[in-house]
1. Pairs of alpha-carbon atoms within less than 8 angstrom and 6+ residues apart define the contacts here; what relative contact order does region 44-92 have, in percent?
2. Taking a label point 7 Å from the Cα of N239 along the Cα→Cβ vector, which residues of region 8-44 have an amide N closer than 16 Å to it?
3. Express as a percent, rounded to the nearest 5, the fraction of DSSP beta bridges in the chain (both residues included) that run antiparallel.
4. For the chain, what size does the Cα cloud have along each of its three principal axes, sorted from largest down, in whole Å?
5. Suppose all protein chains stay in the model; what accessible area per residue would a 1.4 Å probe give for the chain, in Å²?
6. Relative contact order for the chain: what percent, with Cα pairs under 8 Å and sequence separation of 6 or more?
7. Provide the convex hull volume over Cα atoms per residue for region 72-230, in Å³.
8. Beyond 22 Å, what share of the Cα-Cα pairs of region 1-106 remains, rounded to the nearest whole percent?
Amino acid sequence: MAKMKDSQLIMLEHSKAKVDLYKRYLSIYLNVISRVSFISKVYLYDLFAGEGKYLNGEIGSSIASLECIKSHYFSNNNTCPNINIWFNDSGKSEIDTELLKIERIKKIASTIFTPTNVSITYTSIEYLEVVDEVIAQLQKLSQSERALLFIDPWGYKEINPQHLKEILCNGKTEVLLFLPISFMYRFADKALIDENFAGGRPLEKFLSKLFENRMPDSSNQMKFIDEVKNQFREYLKVNYADTFTIERGNKNFFCLFFFTNNKTGFYKMLDSKWDLDEEGGRGFRVSNLSQQSMFDEISSVDYVSMVEEYLKQNTSVTNQEMFDFGLYNGFLPKHTKKVLDYFKSQNRLQCTSLDNKDVRGYYIDDNHIRKIRIKLN
């Protein structure tokens, strides 16, 4: 129990990685939104907002978002999009024991510059009560409004896949969801088959709803993570879903899931992920782990074979289709280019314009002005 208390008082490395990714993405998100003239307002929701700032000086998601907005404002000629923020947390502060967590956040937030067109709502409501009100707000978004939710619960018992579906159904919302995936993986089989396992009821309810009573693949953690991600994509009816995997200790994983229907948003999130993990684009690992890590399994993701199989299954593909294929599988254009360079070095690749003239480049980018066909010999 003392260890759990410490993690509530001091932000550990794995939690910092989670907030860093959120802050990076929010910065990009605001830059993109600010350049889209028809978007009139952005709604940011942090529904488990935490302490705001921890004893070791590290900041949580709520304060990180305010600092991100401040930085955006002063980097863009004292302008920023119209933003409505909703910070919520029902807990009592473990640091300022006389305050609620949300009161502590409000106190810290009062010291941070906030643009006049940014409004903040602070509430201390249980998640299962506040989520219905959030869904009601999201269902009223106009075509010129967008929303981004950060959901970072202590565990998973309050998370209902149906709520996520209702949050995302308007097509204007993106969600970052943090889950303790290693605990879910460890107890998945038992929770689904052992009716006497009382502690597994929330997990059984979650998995049964998400997987519609079939068993997810639990042969190893990384496969379990990928299957949960893919099932989320199918269940939520979103175009894009991805994960950022965070290893707290040997074989102890957490996952930040990202859901969106927006291709540009997904592309930017992938870019942020690969900035944090240049080797695999999968996640963060605490640097001082001495034993073999489950991240070693990530090397089994063979993108060369994936591209080869995709090109073999199709007579030819366009550079746009090649871009979309990479994106869907979590890879950036530069990774696809490297694979195509490899096939080209083997004299196995043929690239032609739409009028059948040979071309040198691949032009792997979204809606690139040059349209070409790519074929594997």
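The values are calculated or read from the model by the stated rules, or taken from the named source; none is laboratory data. None of the values given here were measured: they were computed from a predicted structure. Cβ atoms come from the backbone with ideal geometry, glycine included; neighbour counts cover every protein chain shown. Side chains included, ligands, DNA and RNA excluded: accessible areas come from the protein's heavy atoms. Shrake-Rupley method; radii C 1.70, N 1.55, O 1.52, S 1.80 Å.
1. Details: 48 pairs, mean separation 25.3, N = 49.
Relative CO of region 44-92 lands at 52 percent.
2. 33
3. Values: 24 of 49 bridges.
Here the share of antiparallel DSSP bridges comes out near 50 percent.
4. Dimensions of the chain along the principal axes of its Cα atoms: 72, 57, 40 Å.
5. Values: 18300 Å² over 377 residues.
Result: 49 Å² per residue.
6. Values: 609 pairs, mean separation 47.1, N = 377.
The value is 12 percent.
7. Values: hull volume 25.4 nm³, N = 159.
That works out to 160 Å³ per residue.
8. Details: 1998 of 5565 pairs.
Here the long-distance tail beyond 22 Å is 36 percent of all Cα pairs in region 1-106.
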